[in-house]
Amino acid sequence: MPNIKYSPLHSLHVKNKAKFIEFGGWTMPFSYKGTIKEHQFVRQNSGYFDVSHMGRLLIDKAYLQKISSLICSDLIELKSGKALYSIFTNEKGSALDDVIFWKYDDYILLICNAANTDKITNYLQTEEIIFQDLTEKTALVAVQGPEAISNLKALLPIPDSFSCLSNDIYTYARTGYTGEDGLEIMVNVEDLDELISFLLQNEIEPCGLGARDTLRLEAALPLYGFELTEDISPVEAGLKWTLSNKNKYRGSDVINEQIRTGHHKVLKKFSIDSRNIARTGTKVKAGNINGIVTSGNFSPILQKSIGFVLLESQPDTDLLEFEIRGKFIEGNILKKRFLS
Amino acid sequence: MLMVDFQQLNLDRRKMTEKKYLETHEWYSLTENTITIGISDYAQGELGDIVFVTMPEVGQEFSKGDSMVEVEATKTVAEAYAPMDCVVVEINSSLDSEPEIINSDPCGEGWMVKAEVKNLDDSGMLYQEYENFIS
């Protein structure tokens, strides 16, 4: 087991009395005042998340074509100054990782999942794509919430939604993983002080990975390792909208075949009209189709249990039956978003 | 100025210290032949936000070590085990709608079950021992 890594903001988290959790090889804050309080704060005001555990790789634009042949979205036609969510696919059309690209004039910043940073760096090396790993030289902080942008105006020029900017100190984009507006801000470790005092002065509350998980679930955003894995394709995960790459890319023939035939697993959102949580791994039946819960938790906004279920094939009913520790609990497939 | 309510602090402290604790982080208090059962302040802190509790039924019988209550938190699910052989006589139904009481007052209003003792086994740890156990 390699050494556990600590964020450059670790001492701040200790001062803020964080409860810590190990995640993707890093010790990161799980919560401060409580997951639900932090969740509500992000939905109503603005909070910050230390996401320095996520991999940050700087890639020269010369490798654009090569990267493009490994992902399912169109990175080539994407304008400079734009952010893009995409998926590295394998030969089976399944997900190696889901990532964010920030495209600038001369380079691309690739942000990958902490648990997959080694996998992605090795992969890029095998593909002879040269990159600079900025993960341990920088911090990444996500400020999210309806008040986030009005707060951040005092610190930075604000880009449009899903766009990115940079200056001498900050490289940042108007992206996030909570369903709220906000910025994700990368800064060199030696330049962190200004950002930290800004967060403190503006009373932007620290939030942990616990709230990040309940927020992203309520926003119906997938988490790698759960909704996307090396056995789940973007089509199966309900992410057809990411398939903007018109050229051939790794696994594209399998993906196109899945779209053509419709024969594939399907990921569905569900809710249960109680607080009974159907956790990851819970067995589910939709009629005679079997499935398994990929993520499930309590929704602090809806005050009931929600989640994602991966079914073997398209069901002909919206009724679900969950087997939660020997008891059978009914739930429903949800076609609309969790939050209106 | 920060006002400290010493009376409240003492009360909170007494709530914790007059109980006995199990290694699985339940507390129980014994009055005549009835035990009241809950989970410790340490346990609620480790679990984080509690959102759902599955209670046993009144009249249900348990042997020492049986799973009695399921406690769902946003982080994980945990079970509370019977501290001795007993039969449930009352459940804290206010936890149905407000399970978060367990977070705010685990050793008081957040009690879970009252049960009639069938086989007395008062071998739980005193608070001091339990404090050493969790530290």
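Its residue count N sets the reference 2.2 N^0.38 Å, and the alpha-carbon radius of gyration of region B:24-134 equals 0.99 times that reference. Cross-link reach is defined here as a Cα-Cα straight distance under 14 Å, omitting same-chain residues fewer than 8 places apart; for A:K285 the aspartates and glutamates meeting it are A:E312, A:D316, A:D318, A:E321, A:E323, A:E330. Springs between Cα atoms under 10 Å define the GNM used for chain A, and in it the highest mean-square fluctuation of A:R216, A:R275, A:R260 occurs at A:R260. Between B:N119 and B:D66, the modelled label-to-label distance comes to 1.1 nm, taking each label 7 Å out from Cα in the direction of the beta carbon. By the Cα gyration tensor, chain A has an equivalent ellipsoid whose semi-axes, rounded to whole angstrom, run 31, 27, 17 from largest to smallest.
Computed extension gain for A:N90 through A:D105, at 0.36 nm per residue and net of the alpha carbon distance, reaches 2.6 nm. The local environment of A:K79, defined by Cβ-Cβ distances under 12 Å, has a net charge of -2 under the rule Lys, Arg +1 and Asp, Glu -1. Taking 25 °C and 0.890 mPa s as conditions, region A:153-207 diffuses translationally at an estimated 204 µm²/s according to Stokes-Einstein applied to its Kirkwood radius (Cα pairs).
Of the candidates A:A286, A:A154, A:A220, which one comes out as most mobile in a Gaussian network treatment of chain A with C-alpha springs shorter than 10 Å? Per the Cα network of chain A with a 10 Å cutoff, A:A154 tops the list.
The convex hull around the C-alpha trace of region B:1-88, projected and averaged over every direction, spans 7.3 square nanometres. On the basis of the beta-carbon distance and an R0 of 41 Å, B:E98 and A:N290 show a calculated FRET efficiency of 0.70. In chain B, helical runs assigned H by DSSP with n ≥ 4 each contribute -39500 (n - 2.57); averaged across all residues and rounded to the nearest 500, the mean residue ellipticity at 222 nm is -6500 deg cm²/dmol.
Seen from every direction in turn and averaged, the convex hull around the alpha carbons of region A:265-334 projects onto 3.9 nm².
Mean-square fluctuations from a GNM of chain A, with a 10 angstrom spring cutoff on Cα atoms, peak among A:L156, A:L310, A:L183 at A:L156. Cross-link check: pairs A:K33/A:K327; A:K304/B:K75; A:K304/A:K327; A:K92/A:K248; A:K17/A:K137 evaluated at a Cα-Cα cut-off of 23 Å; pairs beyond the cut-off: A:K33/A:K327; A:K17/A:K137.
Our helix-only sum for chain A, with -39,500 (n - 2.57) per DSSP H run of n ≥ 4 divided by its residues, gives a mean residue ellipticity at 222 nm of -5500 deg cm²/dmol.
Bear in mind these aren't lab numbers, they're just calculated from the coordinates by the rules spelled out. Because the structure is predicted, anything quoted here is derived from the model rather than measured. Using ideal geometry, Cβ is built from the backbone for each residue, glycine included, and neighbour counts are taken over all protein chains shown.
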